[in-house]
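The values are calculated or read from the model by the stated rules, or taken from the named source; none is laboratory data. Quick caveat, the model's predicted, so the values are computed rather than measured. Here the Cβ positions follow ideal geometry from the backbone for every residue, glycine too, while neighbour counts run over all protein chains shown. Accessible surface areas use protein heavy atoms only, side chains included; no ligands, DNA or RNA. Shrake-Rupley method; radii C 1.70, N 1.55, O 1.52, S 1.80 Å.
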Amino acid sequence: MKSRRKNFRPRAFTLLELLVSIAILSLLLLLVMSMTDQVAKVWKRTSGSILAFQESRAAFEALTRKLGQATLDTYWDYDPPISAGGTPSSYVRRSELHFVSGQANALLGGIPGIVTTGHAVFFTAPLGYSSMAQGADVPLGNLMNAKGFFIKHGSNSAQLPNFLKPILPARDRYRLMEFWQPTERLSIYGVTRSQLVGNPSLARDWFRQPLTNNPDLARPLAENVVALVLWPQRASTDPGSPITKDYSFDTRAFLSDATATASRNLLPPTVLVTMVVLDEESAARLEAMPASAKSVLQPGQLFVSLPNLDLDAQRMKFDEDLSTLENFLNVNRLGYRIFNSQVTIRQSKWSDSQ
């Protein structure tokens, strides 16, 4: 008997099945690409924030380290001095050096090209830097230098080399600036004691005049620093009343205010330093906001006054202002980081008696 075999044809995919398969594959590819894109954006944003905050942390550490080295090199002298004539009746602390902190707008207001906010500090310290003929900084032991830190708001076009200006657009940002003056250009000794007594307005010329005549003496340390707060305080073990009621501290305040004897040629024992920094993406969005929407960052809005000479009340006011700033940043979805440090001024010899 003859076997009969049927012709077998493999069954092919229909057009409908192919279309469904392609549609499913496309959806899968789209989903994978979307997830990859999201991961890339998160990675880019996170990496940018990490790099930005690393720069800010380095700048903050430089600020606090140098601030802790502030010195006045005080000594005791007759009052009135013998050179002025008359008969001395007592001894007083004297110093040719200076430490001043407070509202940046009050310390730097009127200097061309400087639009500032927050607090500022200027002091002298034995940092040992000297500019050589070629412009290089060379450490030379413990030679005295002038230092200062403040926030400047404006364009970075002055810092860009000419060949980059057509390629990189200028950006308006808040920047932490460092004022520095090498030993051989130190101007704090340019005004004598008798000149200061006769004209107390000269007391701050040692940093105002150099910044006016040579803006290059201030260089950016970090970008997107929207707040710098400096709060001079007693040592944590000192139960005395607070030493400032408006964040300001001036070792030469006695020249124009006879009642300002507490800070006369005395460094504050400690300074609480607080710095608020944005990531780059948030800083760009902040600059795009109208001025009226970011008035909280204008001078005189926050960290201006401490209500009285009670430390707990002062802390509450400080926390309230900091919360106001954080609320502004959170409402506008701005990424930020807060740096805090209680800096001990090692050369401070604080005493309530003169």
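In this view, the solvent-accessible surface of Ser305, computed with a 1.4 Å probe and all protein chains in place, comes to about 60 Å². Between Ala293 and Ala235, the distance separating the two model label sites (each 7 Å from Cα on the Cα→Cβ line) works out to 4.9 nm.
The order of Thr87, Thr212 by accessible area, most exposed first and with a 1.4 Å probe, is Thr87, Thr212. Distance between the 7 Å Cα→Cβ label points at Asp352 and Thr259: 1.8 nm. Summarising the amide proton neighbourhood of Leu221: residues at separation of 5 or more, or on other chains, whose placed amide H is nearer than 5 Å comprise Leu176, Met177, Glu178.
Does region 294-354 come out rounded, prolate or oblate, given a ≥ b ≥ c as the square roots of the eigenvalues of its C-alpha gyration tensor, rounded meaning a/c under 1.5 and, failing that, prolate meaning a/b above b/c?
prolate
For Thr116, the residues whose amide H sits under 5 Å from its own are His153, ignoring neighbours fewer than 5 places away on the same chain, with H placed 1.01 Å from N.
What FRET efficiency would be calculated for the residue pair Asp77, Ser201, taking the C-beta separation as r and a Förster radius of 22 Å, to the nearest 0.05?
0.40
Here's the list of aspartates and glutamates a cross-link from Lys245 could span, going by alpha-carbon distance under 19 Å and ignoring same-chain residues fewer than 8 apart: Asp257, Asp310, Asp312, Asp319, Glu320, Asp321, Asp352. Taking every alpha-carbon pair in region 217-302 and binning the separations at 5 Å intervals from zero gives 3, 11, 16, 17, 14, 14, 11, 9, 6, 1 percent. Sequence-ordered 3J(HN,Hα) estimates for region 21-30 from the Karplus curve with 6.51, -1.76 and 1.60 and θ = phi - 60° stand at 4, 5, 5, 5, 4, 5, 5, 4, 4, 4 Hz, glycine and proline given as x.
In the full protein context, region 214-354 carries 48 Å² of accessible surface per residue, based on a 1.4 Å probe and ignoring ligands, DNA and RNA.
Legend: calculated FRET efficiency, Leu29 to Ala106, from the Cβ-Cβ distance at R0 = 56 Å, rounded to 0.05, equals 0.35. Label-to-label distance for Arg185 and Thr324 is 3.8 nm, based on points extended 7 Å past Cα in the beta-carbon direction.
Heavy-atom accessible area for Tyr129, with the other protein chains in place and a 1.4 Å probe, reaches approximately 90 Å². Per-residue accessible area (protein heavy atoms, 1.4 Å probe) orders Arg264, Arg171, Arg93, Arg65 as Arg65, Arg171, Arg264, Arg93, starting from the largest.
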